[in-house]
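Chemist: Attaching a single structure in C-alpha cells format; questions to follow.
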Amino acid sequence: MAKLIWPGSTQLAPVPAVLVGTGGGNFADNLITVAWAGIVCSAPPMLSISVRPERFSYQTLVETGEFTVNVPLASQAEIVDWCGVVSGRDHDKFAEKKLTALRGSQVAAPLVAECPLNLECKVKDIIKLGSHDLFLAEIVAVQVSEEYLTKTGRLDLEHNGGVLGYAHGHYFQLGKCL
C-alpha cells in the first residue's frame, strides 16, 4: 500500500463532539463545543479538553476551575454545531436552543439535561500548548439519564441513535457496535 507523507497535523479521527458547560459564581451559564476532548486517566478518573484562550468560555474555565462535559446524541448535531459557531458573548445558547440547564452535584457549571451523559469536572492543571490550552480535569461525578441504562444497569448510548462524533470537519453518528 503506497503512503504519502504529510506534515504533522490534527488528523486523528473520529473524536467526540461534546458540549462543555461553563458558568457558576459571577459567570453566566454558557456552552462551548469541543471536539478535542478525551479520557487521560482512570484512577483518578480524568479527562482533558483543549480550548483557545480567545474563546469566550476560556476565562470562565480558568477562574471557576470547573466545567461539565455533556455527551450529545447524533440527533443533536445541529445544536452542537451552532453552539460551536456562535459566541456566548452575543447569545444565550441555553435559551436560544431551548436547552435545560441543570445544576451539578459537585460543580456550579451547568449540565445539559437533554444530553444522556454528563460529566462534572474540576480542573487540576492548565498546560499552555500553542494555539490551545489543555485543561486537565478530574471527573468528580457522572450523571446518566435513566432511559439509557439497560435492565442490568449498563450504559447504552447506542439504542437511541448513537452518540455524535466528529472527523475532518464533519459530524458522524456513532452507534453500531462491532
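Chemist: May I ask you to give the solvent-accessible area per residue for the range 1-52, in square angstrom, as obtained with a 1.4 angstrom probe?
Modeler: Result: 61 Å² of accessible area for each residue.
Chemist: Would you kindly calculate the translational diffusion coefficient of the chain, applying Stokes-Einstein with the Kirkwood radius from alpha carbon pairs, for 20 °C and a viscosity of 1.002 mPa s, and quote it in µm² s⁻¹ without decimals?
Modeler: Estimated via Stokes-Einstein, D reaches 127 µm²/s.
Chemist: Would you work out which of Thr100, Ser42, Gly153 lies farthest towards the positive end of the dipole of the chain? Charges go on Cβ: Lys and Arg +1, Asp and Glu -1.
Modeler: Among Thr100, Ser42, Gly153, the one farthest towards the positive end of the dipole of the chain is Ser42.
Chemist: Sticking with this structure for a sec: Take the alpha carbon atoms of the range 1-24, find their center, do the same for the range 107-150, and report the distance between the two centers in whole angstrom.
Modeler: The range 1-24 and the range 107-150 have Cα centres spaced 18 Å from each other.
Chemist: Normalized C-alpha radius of gyration of the range 65-128, against 2.2 N^0.38 Å?
Modeler: 1.17
Chemist: In whole Å, what are the extents of the range 1-55 along the principal axes defined by its C-alpha atoms, from largest to smallest?
Modeler: Cα spread of the range 1-55 along its principal axes, largest to smallest: 55, 31, 17 Å.
Chemist: With a sphere of radius 14 Å drawn around the Cβ of Leu136, what net charge do the other residues whose Cβ falls strictly inside it have (Lys, Arg +1; Asp, Glu -1)?
Modeler: Charge balance near Leu136 sits at -1.
Chemist: Separate question: Using θ = phi - 60° and the Karplus form 6.51 cos²θ - 1.76 cosθ + 1.60, what ³J(HN,Hα) does each residue of the range 22-39 get, whole Hz, x for Gly and Pro?
Modeler: Working through the residues one at a time gives 10, x, x, x, 8, 9, 5, 4, 8, 10, 10, 7, 10, 9, 9, 9, x, 6 Hz.
The values are calculated or read from the model by the stated rules, or taken from the named source; none is laboratory data. All figures in this text were calculated on a predicted structure; none of them were measured in a lab. Virtual Cβ from ideal backbone geometry, glycine too; neighbours counted across all protein chains shown. To get the accessible areas, we keep the full protein, side chains included, count just its heavy atoms, and leave off ligands, DNA and RNA. Shrake-Rupley method; radii C 1.70, N 1.55, O 1.52, S 1.80 Å.
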